[in-house]
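Everything on this sheet refers to the single structure shown next.
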C-alpha cells in the first residue's frame, strides 16, 4: 500500500440492518480503505471502531464528509488522525479466557494481575450472562495480551491459574498462533 495516512473513526448508533455496509460504502466512495475494524453491540447500541487509510487528500475529504454521513446514517461519530498500529517484537501474543461467577471486582482483579506481571492488555471483551442450566449470574472475559519475551510462560500460567482459583473462575492462558 502506498498511503501512510490513517484516520481513526469511532461510531455509536442504534442497531439496524445494513448500517455497517452503509458506513463502509460511504468510506469507500470517498477513496478510503478500512484497515482495521471492530463492530459489536454494547447494551442497546452498536459500536464500531475503524482505522481508515488513504492519502492526505482522501482522508481530508472523508473528514469533511463524516458529519454529513453521520447525520444521514443517524450515527454519533468521532474521528481523528492516527498512526499505524505499532509492532513490538519484545512481546509474544497470548490469549486469556476467563469464565467466572459475576463479581463487581472481576475485571479490576484481572487487569491488576496482568499489570503486576508487566503484561500489556491489547484487547478485552467481557459479557455478563445468566447460566442456561442454573440461572447463575456469570461473566465471560476474553483478552489478547502482549507478554514480554523474557518472561517465563509456565510461571505466568501458574500465577494466572492461582488467580483464577482465588476468583473461583475457570481460565486459560495460551499463546496465539498467528
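Every read-out reported here was derived from the displayed coordinates using simple, explicitly stated rules and does not represent laboratory data. From a predicted model like this one, the values you see are computed outputs, not experimental measurements. Positions of Cβ are generated from backbone atoms using ideal geometry, with glycine treated the same way; all protein chains shown enter the neighbour counts.
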For segment 78-178, fraction of C-alpha pairs farther apart than 19 Å, in %: 46
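So between residue 177 and residue 120, what do we pick up on full extension, going 0.36 nm a residue minus the alpha carbon distance?
Roughly 18.8 nm would be gained on extension.
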Rounded tilt (10° steps) of 56-73 against the dominant C-alpha axis of the chain: 80
Where N is the number of residues in segment 1-74, Cα Rg divided by 2.2 N^0.38 Å: 1.08
Histogram of C-alpha separations across segment 1-135, 5 Å bin width, %: 2, 8, 16, 16, 14, 14, 12, 10, 6, 2, 0, 0
Tilt relative to the chain, helix 19-29 - C-alpha long axis, 0 to 90 degrees, to 10: 50
Helix 106-116 axis, angle to the chain major axis (alpha carbon atoms, nearest 10°): 90
Modelled FRET efficiency - R0 30 Å, residue 10 with residue 158, Cβ distances, 0.05 increments: 0.20
